[in-house]
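Have a look at the structure below before the remarks.
The values are calculated or read from the model by the stated rules, or taken from the named source; none is laboratory data. Note that this is a predicted model, so its numbers are computed, not measured. Cβ atoms come from the backbone with ideal geometry, glycine included; neighbour counts cover every protein chain shown.
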Amino acid sequence: MKRWLFSGILLLAVLSVGFLVFRTLFPAPQKVIRKQLVEMARIASFDVNEAPLAKLMNSQKLASYFADGVEASLDTPGRGQQVFSGREELIQAATAARTQLSSLKIQFPDIAVTVAPDKRSAEVHVTVKANIGGQREVYIEEMRFSLEKIRGDWLIHRIESVNTLQ
(Lines give C-alpha, C1' and ligand atoms only; values in the text may rest on other atoms or scores of the structure.)
Protein backbone atom coordinates (compact mmCIF):
# COMPACT_ATOMS: atom_id res chain seq x y z
CA MET A 1 0.00 0.00 0.00
CA LYS A 2 2.82 2.41 0.91
CA ARG A 3 4.63 1.57 -2.30
CA TRP A 4 1.52 2.39 -4.36
CA LEU A 5 1.10 5.72 -2.47
CA PHE A 6 4.78 6.57 -2.97
CA SER A 7 4.53 5.77 -6.71
CA GLY A 8 1.43 7.98 -7.01
CA ILE A 9 3.12 10.90 -5.27
CA LEU A 10 6.26 10.46 -7.37
CA LEU A 11 4.18 10.40 -10.58
CA LEU A 12 2.32 13.55 -9.51
CA ALA A 13 5.63 15.30 -8.75
CA VAL A 14 7.12 14.33 -12.13
CA LEU A 15 4.00 15.52 -13.97
CA SER A 16 4.04 18.83 -12.06
CA VAL A 17 7.69 19.46 -12.88
CA GLY A 18 7.06 18.49 -16.51
CA PHE A 19 4.15 20.93 -16.70
CA LEU A 20 6.26 23.76 -15.23
CA VAL A 21 9.11 23.06 -17.66
CA PHE A 22 6.66 22.99 -20.59
CA ARG A 23 5.10 26.33 -19.49
CA THR A 24 8.57 27.87 -19.15
CA LEU A 25 9.77 26.66 -22.56
CA PHE A 26 6.47 27.33 -24.34
CA PRO A 27 4.73 30.28 -22.64
CA ALA A 28 1.26 31.40 -23.69
CA PRO A 29 1.22 33.97 -26.53
CA GLN A 30 -0.38 36.55 -24.21
CA LYS A 31 2.54 36.28 -21.81
CA VAL A 32 5.10 36.53 -24.62
CA ILE A 33 3.41 39.62 -26.08
CA ARG A 34 3.12 41.38 -22.70
CA LYS A 35 6.79 40.73 -21.95
CA GLN A 36 7.77 41.96 -25.43
CA LEU A 37 5.79 45.20 -25.07
CA VAL A 38 7.29 45.94 -21.65
CA GLU A 39 10.76 45.45 -23.14
CA MET A 40 9.85 47.65 -26.11
CA ALA A 41 8.76 50.46 -23.74
CA ARG A 42 12.08 50.13 -21.88
CA ILE A 43 14.07 50.43 -25.13
CA ALA A 44 11.95 53.38 -26.35
CA SER A 45 12.67 55.23 -23.08
CA PHE A 46 15.86 57.24 -22.66
CA ASP A 47 17.38 59.76 -20.31
CA VAL A 48 19.38 62.98 -20.66
CA ASN A 49 22.81 61.38 -20.79
CA GLU A 50 22.16 58.70 -23.43
CA ALA A 51 25.28 58.44 -25.59
CA PRO A 52 24.94 59.27 -29.32
CA LEU A 53 25.84 55.71 -30.38
CA ALA A 54 23.29 54.31 -27.89
CA LYS A 55 20.62 56.59 -29.41
CA LEU A 56 21.20 55.10 -32.83
CA MET A 57 21.47 51.51 -31.60
CA ASN A 58 18.33 51.73 -29.47
CA SER A 59 16.36 53.23 -32.36
CA GLN A 60 17.49 50.29 -34.51
CA LYS A 61 16.65 47.82 -31.73
CA LEU A 62 13.22 49.39 -31.36
CA ALA A 63 12.56 48.72 -35.05
CA SER A 64 12.95 44.98 -34.47
CA TYR A 65 9.53 44.93 -32.76
CA PHE A 66 7.77 46.05 -35.95
CA ALA A 67 6.88 44.38 -39.25
CA ASP A 68 8.44 45.85 -42.40
CA GLY A 69 5.13 47.36 -43.58
CA VAL A 70 4.02 48.73 -40.21
CA GLU A 71 1.38 51.45 -40.30
CA ALA A 72 1.04 53.87 -37.38
CA SER A 73 -1.52 56.59 -36.81
CA LEU A 74 -0.82 58.42 -33.55
CA ASP A 75 -2.13 61.47 -31.73
CA THR A 76 1.03 63.07 -30.37
CA PRO A 77 1.13 65.95 -27.88
CA GLY A 78 1.80 69.27 -29.57
CA ARG A 79 1.86 67.74 -33.04
CA GLY A 80 -1.62 66.34 -33.56
CA GLN A 81 -2.15 63.36 -35.85
CA GLN A 82 1.08 61.70 -37.01
CA VAL A 83 1.07 58.94 -39.64
CA PHE A 84 4.03 56.63 -40.28
CA SER A 85 4.32 54.02 -43.02
CA GLY A 86 7.03 51.40 -42.84
CA ARG A 87 9.73 50.46 -40.42
CA GLU A 88 12.22 53.01 -41.83
CA GLU A 89 9.91 55.95 -41.10
CA LEU A 90 9.45 54.65 -37.55
CA ILE A 91 13.24 54.44 -37.07
CA GLN A 92 13.62 58.01 -38.33
CA ALA A 93 10.89 59.22 -35.95
CA ALA A 94 12.45 57.39 -32.99
CA THR A 95 15.88 58.82 -33.81
CA ALA A 96 14.42 62.32 -34.18
CA ALA A 97 12.65 62.02 -30.82
CA ARG A 98 15.91 60.97 -29.18
CA THR A 99 17.68 64.06 -30.56
CA GLN A 100 14.85 66.58 -29.96
CA LEU A 101 13.72 65.53 -26.47
CA SER A 102 15.95 65.62 -23.41
CA SER A 103 14.41 62.43 -22.01
CA LEU A 104 11.42 60.17 -22.37
CA LYS A 105 10.06 57.48 -20.10
CA ILE A 106 7.37 55.22 -21.56
CA GLN A 107 5.32 52.73 -19.58
CA PHE A 108 2.41 50.45 -20.40
CA PRO A 109 0.57 50.19 -17.06
CA ASP A 110 -2.13 47.93 -18.48
CA ILE A 111 -1.87 45.58 -21.42
CA ALA A 112 -4.89 43.59 -22.61
CA VAL A 113 -3.99 40.94 -25.19
CA THR A 114 -6.51 39.06 -27.32
CA VAL A 115 -5.00 36.32 -29.43
CA ALA A 116 -6.94 35.13 -32.50
CA PRO A 117 -8.09 31.49 -32.50
CA ASP A 118 -5.47 30.63 -35.14
CA LYS A 119 -2.72 31.97 -32.81
CA ARG A 120 -1.16 33.86 -35.74
CA SER A 121 -2.46 37.35 -34.92
CA ALA A 122 -3.36 39.37 -31.85
CA GLU A 123 -4.96 42.66 -30.84
CA VAL A 124 -3.54 44.55 -27.88
CA HIS A 125 -5.25 47.41 -26.08
CA VAL A 126 -2.76 49.34 -24.03
CA THR A 127 -2.55 52.55 -22.06
CA VAL A 128 0.62 54.46 -22.90
CA LYS A 129 1.99 56.61 -20.10
CA ALA A 130 4.83 58.92 -21.14
CA ASN A 131 6.90 61.36 -19.13
CA ILE A 132 8.58 63.77 -21.51
CA GLY A 133 11.71 65.44 -20.16
CA GLY A 134 11.21 68.97 -18.92
CA GLN A 135 7.41 68.69 -18.74
CA ARG A 136 5.42 68.26 -15.55
CA GLU A 137 2.40 66.90 -17.35
CA VAL A 138 2.17 63.15 -17.94
CA TYR A 139 0.96 62.14 -21.40
CA ILE A 140 -1.58 59.30 -21.32
CA GLU A 141 -3.01 57.75 -24.47
CA GLU A 142 -5.03 54.63 -25.22
CA MET A 143 -3.71 52.68 -28.17
CA ARG A 144 -4.43 49.55 -30.14
CA PHE A 145 -1.64 47.41 -31.54
CA SER A 146 -2.23 44.69 -34.12
CA LEU A 147 0.41 41.99 -34.14
CA GLU A 148 1.19 39.09 -36.45
CA LYS A 149 3.37 36.10 -35.78
CA ILE A 150 6.02 36.26 -38.50
CA ARG A 151 8.83 33.68 -38.58
CA GLY A 152 8.17 32.85 -34.93
CA ASP A 153 8.21 36.46 -33.68
CA TRP A 154 5.24 38.62 -32.69
CA LEU A 155 5.64 41.81 -34.76
CA ILE A 156 3.50 44.92 -34.65
CA HIS A 157 2.00 45.69 -38.05
CA ARG A 158 -0.49 48.40 -37.04
CA ILE A 159 -0.63 51.02 -34.27
CA GLU A 160 -3.45 53.44 -33.78
CA SER A 161 -4.57 55.88 -31.13
CA VAL A 162 -7.96 55.05 -29.66
CA ASN A 163 -10.19 58.08 -29.41
CA THR A 164 -12.13 57.93 -26.17
CA LEU A 165 -14.94 60.19 -25.06
CA GLN A 166 -13.76 63.16 -23.03
Looking at (1) in contact (Cβ under 8 Å) with a residue 60 or more places away in the chain; (2) under 18 Å from the mean Cα position of the chain (by Cα), which is the only condition Glu142 fails? (1)
Pairing a residue in the stretch 120-133 that is more than 26 Å from Asp47 (Cβ to Cβ) with any residue that is of a type in the set (Lys, Arg), where Cβ atoms lie under 6 Å and the two sit 6 or more apart in sequence or on different chains, gives Arg120/Lys149; His125/Arg144
In the stretch 121-148, how many are at pLDDT below 95 and of a type in the set (D, E, K, R)? 5
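Yes/no matrix, rows are residues, columns are (1) more than 22 Å from Arg158 (Cβ to Cβ); (2) surrounded by 18 or more Cβ atoms within 10 Å (Cβ to Cβ):
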residue	(1), (2)
Pro52	yes, no
Lys55	yes, no
Gln82	no, no
Glu89	no, no
Gln92	no, no
Arg98	yes, yes
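How many residues, within the stretch 145-158, are assigned to a strand (DSSP E or B) and either among the polar types (S, T, N, Q) or without any contact (Cβ under 8 Å) to a residue 24 or more places away in the chain (or both)? So that I can check it myself, show each step before the final result.
Residues of the stretch 145-158 that are assigned to a strand (DSSP E or B), as a first pass: 145-150, 153-158.
Checking which are either among the polar types (S, T, N, Q) or without any contact (Cβ under 8 Å) to a residue 24 or more places away in the chain (or both) leaves us with 146, 153.
Qualifying residue count, the stretch 145-158: 2.
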Can you name every residue in the stretch 100-114 that is β-branched (Val, Ile, Thr) and surrounded by 16 or more Cβ atoms within 10 Å (Cβ to Cβ)? Ile106, Ile111, Val113
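Can you tell me which residue within the stretch 124-161, out of those that are over 19 Å from Arg34 (Cα atoms) and of a type outside the set (S, T, N, Q), is surrounded by the fewest Cβ atoms within 10 Å (Cβ to Cβ)? Write out each step before concluding.
The initial filter retains those residues of the stretch 124-161 that are over 19 Å from Arg34 (Cα atoms), namely 131-139.
Still in the list and also of a type outside the set (S, T, N, Q): 132-134, 136-139.
On the way: Ile132: 18, Gly133: 12, Gly134: 9, Arg136: 6, Glu137: 9, Val138: 11, Tyr139: 16.
The qualifying residue surrounded by the fewest Cβ atoms within 10 Å (Cβ to Cβ) is Arg136.
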Selection count where residues are assigned to a strand (DSSP E or B), without any contact (Cβ under 8 Å) to a residue 24 or more places away in the chain and within 17 Å of the chain's Cα centre (by Cα), scope the stretch 55-102: 1
Give the residues of the stretch 78-126 that are β-branched (Val, Ile, Thr) and touching a Phe, Trp or Tyr at 6+ places or on another chain (Cβ under 7 Å), sorted by residue number. Val124, Val126
Here is a list of conditions, (1) of a type outside the set (A, V, I, L, M); (2) within 22 Å of Ile150 (Cα to Cα); (3) without any contact (Cβ under 8 Å) to a residue 40 or more places away in the chain, and Pro109 meets all of them except one; can you say which number that is? (2)
